Each structure stands twice: as C-alpha cells, then as structure tokens.
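The values are calculated or read from the model by the stated rules, or taken from the named source; none is laboratory data. For clarity, every value in this text was computed on a predicted model and none was experimentally measured. Here the Cβ is made from the backbone with ideal geometry for all residues, glycine too, and neighbour counts use every protein chain on show. The accessibility values were calculated without ligands, DNA or RNA, using every heavy atom of the protein model including side chains. Shrake-Rupley method; radii C 1.70, N 1.55, O 1.52, S 1.80 Å.
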Amino acid sequence: MLGLRYFVCGGCETVYADVEMPPWCANCDDDPIVEIGPENQALNYFTGR
C-alpha cells in the first residue's frame, strides 16, 4: 500500500494529500506545488504552519 504524501501550493496555500504530486493547483491553477517534508507533515497540515 502506498502512503499519502502532503503537498502545498505556493500560490494559494491549498494542501493536497495524495500518493503523487499534483501537476498544478486545482484551486488557483498555479504550479509551484511543493512537498511538505515527512518530519513536519502533520504539524504543517493540522496547524497551518
């Protein structure tokens, strides 16, 4: 089973949880999507840091 990875859009800060990086943001059509590192995924996702 593949684990979920967390990504954030640099344009609108939408967070995605998926097994692969989305090619662009479905919310604002921006493309600087970056992966939130495993050491702080839960902290960033749940606290908005």
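For residue 7, state whether it is at pLDDT below 90 and of a type in the set (A, V, I, L, M, F, W, C).
When the stated conditions are applied, residue 7 does not pass them.
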Report summary line: Within the stretch 25-41, of all residues that are within 11 Å of the chain's Cα centre (by Cα) and open to solvent by 50 Å² or more (accessible area, probe 1.4 Å), the one modelled with the lowest pLDDT is 32
Report task. Under 6 Å between Cβ atoms, at least 6 apart or on separate chains: pull out the pairs that start in the stretch 16-29 with a residue that is touching a residue at least 12 places away in the same chain (Cβ under 8 Å) and end on any residue that is assigned to a strand (DSSP E or B) and surrounded by 11 or more Cβ atoms within 10 Å (Cβ to Cβ). Result -> 16/7; 17/6; 21/7; 21/33; 22/16; 22/33; 25/9
